[in-house]
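The values are calculated or read from the model by the stated rules, or taken from the named source; none is laboratory data. Values in this document were obtained by computation on a predicted structure and should not be read as measured data. Every residue, glycine among them, receives a Cβ derived from its backbone with ideal geometry; neighbour counts consider all protein chains shown.
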Amino acid sequence: MKQGIIKICILSLSALLWFNSCEETVDANKYNKVSKDELPILDIEVDSVSFDRAFLQADIMLNGDENILESGFMISTSDTFPVNSIKISIGERNDLFTTGVVDELFELTTYFCKAYTYSKNGYAFSEVKTFTTLEAPKLEISDICGSFNQIDHSIRDGVINGEENGYWDQFGYMTISQVENSDNEIELFNFWGYGRTITGIVNINERTIKFDPQEIAAHKDYGLIKMHKWSYDESNQMLIHIDDKVEAHIFDANKIVINMWGAFAHHNNAYLIFDACTKTELIKKEEQ
């Protein structure tokens, strides 16, 4: 819910982190200042796997490297850990082990994971382990209806919690309701906090919602502001997918995540960016 305009050329720090970390051989050759024998040794374990999350822990044998700056886990659906399918979870480190919870996983899916440390000496990795998520509880569209808070993960402003940033001051909370006489269409009232209603098509079996590009706000100088899908190209330039649908995943009745969407206005044959989010979490409000 931002009124500023940002440039269309944006560098993704997360993408750079993924690129630097996803190939162990590249990391060792380019960044490591010592041999692998002088880096920490990691032993990863996976526990408490559910349909959408898993608890990870790794024991760390420092091996003489006591300058660890960061530790965590990489998770992917591929054992090659390609950039476009990696999740990175920064771990909580306590002496000689690091722990973390990776969430927003998909049901009945096999994941590959490995622990890592980063120090002034370079990167160290554990062996790769696998786990498979459980089947998720069955849902009906009525289960996802209700009032929600919106938490945007903006590429410009970081995490924006709608509750704390005035999204709901004027029109009340965002609500989701099923369209009357429809078995798969929903309405989101007050998405982004400007009092508009947008619609989406639900596939409850696949736990997805798809949104056509549509108005979510308006600007007195630049006209309609619409929701569009966006992505990065290989050189980290923003691509706006004018006709593509924005996609969301339903993790459970209380959490929906909308991926890679932005607020754009078409003005003077160009697209102005009011905000762009890598994801937005919709968290259901507790009934009063």
Margin query: Yes or no: segment 113-123 includes at least one residue that is in a strand (DSSP E or B) and farther than 30 Å from Phe81 by Cβ.
Written below: no
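Residues in segment 244-262 that are among the small types (Gly, Ala, Ser) and either part of a strand (DSSP E or B) or not assigned by TED's automatic domain parsing to the domain that holds Gln178 (or both): how many?
We begin by selecting, within segment 244-262, every residue among the small types (Gly, Ala, Ser); these are 248, 253, 262.
So of that shortlist, the ones also either part of a strand (DSSP E or B) or not assigned by TED's automatic domain parsing to the domain that holds Gln178 (or both) come out as 248, 262.
Residues in segment 244-262 being among the small types (Gly, Ala, Ser) and either part of a strand (DSSP E or B) or not assigned by TED's automatic domain parsing to the domain that holds Gln178 (or both): 2 in total.
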Note to self: Checking the condition surrounded by 15 or more Cβ atoms within 10 Å (Cβ to Cβ) and among the β-branched types (Val, Ile, Thr), which residue from Val102, Val159 passes?
What the structure shows: Val102
Check: Of all residues in segment 52-80, which are under 17 Å from the mean Cα position of the chain (by Cα) and assigned to a loop (DSSP other than H, G, I, E, B)?
Finding: Asp52, Arg53, Thr77
Margin query: Here is a list: Glu127, Glu104, Glu135. Which entry is part of a loop (DSSP other than H, G, I, E, B), on the phi > 0 side of the Ramachandran plot and touching a residue at least 40 places away in the same chain (Cβ under 8 Å)?
Written below: Glu104
Check: In segment 137-155, how many are surrounded by fewer than 17 Cβ atoms within 10 Å (Cβ to Cβ) and in contact with a Leu (Cβ under 9 Å, 6 or more places away or on another chain)?
Finding: 0
